[in-house]
Ligand SMILES: [Zn+2]
């Protein structure tokens with residue numbers, strides 16, 4: 001997820017070192033328990049658009065499926081898409097506080113067309129309600145009226161109501177299709193620090209941050225199966241698989257919506273002064289929305305990609321800088337990794353409570369403190385680094401998935417390394433890159449190992465003894481492991497491996513050994529010892 005938060009965004013890069021670590025730890029220990037009103041749940045079952053049945057020859061024939069993908073890449077992206085992606089059709093209504101005392105909430109109806117691609121018969125299908133469960137009494141999302149193929153279905157909740165298993169009457173065999181429908185309501189915690197504020201309402205800006213606002217299929221690790229652990233308290237709580245989304249949002253007419261994907265079709269009036277907009281995603285791991293009535297936006301284009309930099313009134317200067325950093329990040333990594341497949345990319349301020357940013361498909365959160373503080377916009381700076389970090393996640397996490405809970409170092413490590421080193425080298429030259437690596441990676445590494453000793457990088461996020469250990473492992477030591485691999489095998493083999501890895505695992509989930517194999521194949525070297533030294537041993 002988030003690159004570590006900086007206490008004072010105005011600090012110049014060379015002054016940061018340990019403050020980035022400390023800030024995140026303080027925030028992680030402050031998980032509060034917001035009280036959530038649970039009344040007034042209604043179900044809106046309108047607006048669902050039919051999609052091609054899984055039984056038809058081409059599930060992806062309809063226009064909306066590829067609409068968010070850049071036209072020149074549609075053929076290659078379609079060829080890379082697995083044939084049986086889950087299809088989510090969601091209709092959702094934003095329900096701002098109707099009366100004093102209510103919390104902001106949303107209601108929705110979800111239809112999932114699911115093809116069993118697990119290779120085994122399924123007696124249940126696990127969904128995650130990531131809005132629930134950061135704390136034992138945090139109950140932000142409820143589900144009702146669950147059906148399977150039109151018949152009422154039983155469900156079972158566990159892990160602080162963050163796992164919702166839908167029970168099948170008959171096992172769903174490999175290759176068989178099920179249509180699961182459910183109503184849901186989500187209640188936004190206000191100014192909650194849980195999960196770094198990725199789901200909630202900010203009273204400072206009246207912004208609705210809507211990560212995991214709907215029940216989503218559990219992510220499936222190729223080695224370990226469904227990830228059904230309690231949502232991580234220290235790092236990214238979300239791990240999901242690629243799917244297609246068509247989402248209709250009903251809201252008041254003034255709402256600005258930054259979303260995964262693009263708006264598809266016209267805005268229509270839905271009665272009672274409300275409007276409806278339909279958004280479609282293309283193949284993505286998640287569908288995230290940030291809603292705000294007074295957002296403004298600066299739009300820029302690079303390589304056929306529209307970069308939307310959203311901001312609150314009065315923050316245009318930061319909005320402009322973010323648009324520029326986003327555009328140059330998209331250009332640099334589109335060149336060296338693979339073309340960014342989608343038409344849009346959204347960069348959005350969110351009050352993140354202890355994280356600098358967060359990655360979602362085609363949409364990135366950036367900590368509100370960058371926009372409201374005395375942010376130093378001379379380059380290179382910390383905001384620039386954070387934007388690059390989150391944009392690189394569009395390849396490592398979004399296109400190529402990894403189990404972000406069990407092996408967080410894979411996407412965070414390569415992302416933080418490429419942001420500090422390659423991005424700054426390309427954007428500002430070799431000296432700037434050396435300064436970034438020293439101030440963000442090698443300097444803190446030496447100080448922390450000297451003071452506190454080393455830790456093993458490859459562990460599930462919540463197995464780390466402290467949040468500080470997790471941040472050290474994923475954001476500082478792991479990047480240096482990837483730098484060591486680059487120094488060992490050279491640039492051609494290193495970047496060749498990144499390209500092969502992306503090509504082979506786009507829309508899929510890779511295991512750490514797949515990444516190691518890509519480096520070994522491109523270099524012809526046995527890198528197991530080097531890999532173990534950095535990622536599996538406390539051997540600094
Ligand atoms: Zn990250």
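The values are calculated or read from the model by the stated rules, or taken from the named source; none is laboratory data. Keep in mind that what you see is a predicted model, and the values were worked out from it rather than measured. Cβ: placed from backbone, ideal geometry, glycine included. Neighbour counts: every protein chain shown.
Quick check: is even one residue across the stretch 269-288 modelled with pLDDT under 95 and surrounded by 24 or more Cβ atoms within 10 Å (Cβ to Cβ)? Scanning the stretch 269-288, I find no residue that is modelled with pLDDT under 95 and surrounded by 24 or more Cβ atoms within 10 Å (Cβ to Cβ), so the answer is no. Among the helices (runs of 4 or more DSSP H) confined to the stretch 464-540, the ones with at least 1 residues that are at pLDDT 95 or above and over 30 Å from residue 341 (Cα atoms) are located at 478-505, 528-535. Of the residues making up the stretch 405-415, those that are in contact (Cβ under 8 Å) with a residue 24 or more places away in the chain, within 9 Å of the ligand (Cβ to nearest atom) and under 20 Å from residue 462 (Cβ atoms) number 2.
Within the stretch 137-148, if we keep just the residues that are assigned to a loop (DSSP other than H, G, I, E, B) and surrounded by 14 or more Cβ atoms within 10 Å (Cβ to Cβ), the residue that is modelled with the lowest pLDDT turns out to be 138. For the stretch 31-90, residues that are surrounded by fewer than 17 Cβ atoms within 10 Å (Cβ to Cβ), within 30 Å of residue 133 (Cβ to Cβ) and at pLDDT 50 or above total 2. Summed over the stretch 335-358, residues that are more than 20 Å from residue 300 (Cα to Cα) and either within 16 Å of the ligand (Cβ to nearest atom) or buried (at least 24 other Cβ atoms within 10 Å of the Cβ) (or both) total 9. Looking at 466, 506, 500, just one residue is out of contact with any strand residue (DSSP E or B) (no Cβ under 8 Å at 6 or more places or on another chain) and touching a residue at least 60 places away in the same chain (Cβ under 8 Å), and that residue is 466. Among the candidates 376, 384, the residue that is within 25 Å of residue 442 (Cα to Cα), surrounded by fewer than 24 Cβ atoms within 10 Å (Cβ to Cβ) and more than 11 Å from the ligand (Cβ to nearest atom) is uniquely 376.
Of all residues in the stretch 322-356, those satisfying the criterion of being at pLDDT below 95 and under 22 Å from residue 256 (Cβ atoms) are 351, 352. Criterion first (buried (at least 24 other Cβ atoms within 10 Å of the Cβ), closer than 16 Å to residue 329 by Cα and touching a strand residue (DSSP E or B) at 6+ places or on another chain (Cβ under 7 Å)) does residue 365 satisfy it? So residue 365 passes the test.
Of the residues making up the stretch 230-266, just one is in a loop (DSSP other than H, G, I, E, B), in contact with a helix residue (DSSP H, G or I) (Cβ under 9 Å, 6 or more places away or on another chain), modelled with pLDDT of 95 or more and on the phi < 0 side of the Ramachandran plot, namely 264.
Would you call residue 511 under 21 Å from residue 236 (Cα atoms) and over 24 Å from the mean Cα position of the chain (by Cα)? No. Within the stretch 449-463, the residues that satisfy the criterion of being within 18 Å of residue 232 (Cα to Cα), at pLDDT 90 or above and either within 16 Å of the ligand (Cβ to nearest atom) or part of a helix (DSSP H, G or I) (or both) are 457, 463. Check the stretch 420-434 and report whether any residue there is in contact with a strand residue (DSSP E or B) (Cβ under 6 Å, 6 or more places away or on another chain), farther than 21 Å from residue 473 by Cα and either within 16 Å of the ligand (Cβ to nearest atom) or not in a loop (DSSP other than H, G, I, E, B) (or both). No, because not a single residue in the stretch 420-434 is in contact with a strand residue (DSSP E or B) (Cβ under 6 Å, 6 or more places away or on another chain), farther than 21 Å from residue 473 by Cα and either within 16 Å of the ligand (Cβ to nearest atom) or not in a loop (DSSP other than H, G, I, E, B) (or both). Exactly one of (1) under 21 Å from residue 142 (Cβ atoms); (2) at pLDDT 90 or above; (3) outside any loop (DSSP other than H, G, I, E, B) is unmet by residue 195. Its number? Tallying (1) under 21 Å from residue 142 (Cβ atoms); (2) at pLDDT 90 or above; (3) outside any loop (DSSP other than H, G, I, E, B), residue 195 fails exactly one: (2). Here 183, 200 are screened, and the one residue that is in a strand (DSSP E or B), closer than 30 Å to residue 314 by Cβ and touching a residue at least 12 places away in the same chain (Cβ under 8 Å) is 200. For residue 322, the test of being within 30 Å of residue 74 (Cβ to Cβ) and assigned to a strand (DSSP E or B) is failed.
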